[in-house]
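Okay, so here's the structure we're looking at.
The values are calculated or read from the model by the stated rules, or taken from the named source; none is laboratory data. In this text the structure is predicted, and so the values were computed from the model without any measurement. In this analysis, Cβ positions are derived from the backbone assuming ideal geometry, glycine residues included, and neighbour counts consider all displayed protein chains. To get the accessible areas, we keep the full protein, side chains included, count just its heavy atoms, and leave off ligands, DNA and RNA. Shrake-Rupley method; radii C 1.70, N 1.55, O 1.52, S 1.80 Å.
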Amino acid sequence: MFKNDIEVYKNVITLAQVVREEYESNHQENGVVKVCDNIEELFIVTDKEKALNNYLEEQDYEVIKNIMVFMYLGRDKINDEAQCPEEIFKQQREGFENDWDEKDVLIDQITSKMQLDEYLRNGLKILEIV
């Protein structure tokens, strides 16, 4: 179903995991979010975040749309076992069809998810892609 873009999805997962791990090491202690003395620190875009963003910007708009679908499937754990993976994807994708934002807006939505790597892994697993 998505054979041509599997490496792209895997790369996004890897980059997103690096972003999440960096955030956790800088902003959490023993799984608890640290109190931030300087609110501006929260808005600094790291090199790892820029790398993820730049990689997504290089991708085709249709790939970005697919990533959005995978992300929400994985986040919401939408898995109707009565449907085959293709039907699950098609139904989710159709739910967005009349509502797609511009590519840069979708990328902002994608990169704003701190658990993006986990959501994508879950979504791809539901769809039996990886």
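Restricting attention to region 95-121, which residues are within 8 Å of the chain's Cα centre (by Cα) and aromatic (Phe, Trp, Tyr)?
Residue satisfying the conditions is TYR119 alone.
Tally time: how many residues in region 43-57 are open to solvent by less than 40 Å² (accessible area, probe 1.4 Å) and within 14 Å of THR14 (Cβ to Cβ)?
Result for region 43-57: 2.
For LEU116, which of the numbered conditions (1) out of contact with any strand residue (DSSP E or B) (no Cβ under 9 Å at 6 or more places or on another chain); (2) at pLDDT below 95; (3) of a type outside the set (Val, Ile, Thr) fails to hold?
Status for LEU116: all satisfied but (2).
When you scan region 93-121, how many residues do you find that are of a type in the set (S, T, N, Q) and open to solvent by less than 40 Å² (accessible area, probe 1.4 Å)? Lay out the reasoning, then the answer.
Taking region 93-121 as the starting set, the residues that turn out to be of a type in the set (S, T, N, Q) are 98, 109, 111-112, 115.
Now narrow it down to the ones that are open to solvent by less than 40 Å² (accessible area, probe 1.4 Å): none.
Summing the residues that are of a type in the set (S, T, N, Q) and open to solvent by less than 40 Å² (accessible area, probe 1.4 Å) in region 93-121 gives 0.
Taking the stated definitions as given, is VAL18 open to solvent by 50 Å² or more (accessible area, probe 1.4 Å) and either at pLDDT below 95 or not in a helix (DSSP H, G or I) (or both)?
Details: open to solvent by 50 Å² or more (accessible area, probe 1.4 Å): yes; either at pLDDT below 95 or not in a helix (DSSP H, G or I) (or both): no.
No.
Inside region 66-84, can you point out the residues that are surrounded by fewer than 16 Cβ atoms within 10 Å (Cβ to Cβ) and either part of a helix (DSSP H, G or I) or touching a Pro at 6+ places or on another chain (Cβ under 7 Å) (or both)?
Listed by number, the list holds a single entry, ASP76.
Return the only residue of TYR9, TYR23 being at pLDDT 90 or above and closer than 29 Å to VAL63 by Cα.
Result: TYR9 is the single residue among TYR9, TYR23 that is at pLDDT 90 or above and closer than 29 Å to VAL63 by Cα.
Restricting to region 107-130, name every residue that is under 15 Å from GLU22 (Cα atoms), part of a helix (DSSP H, G or I) and polar (S, T, N, Q).
Once the filter is applied, which keeps residues that are under 15 Å from GLU22 (Cα atoms), part of a helix (DSSP H, G or I) and polar (S, T, N, Q), region 107-130 yields only THR111.
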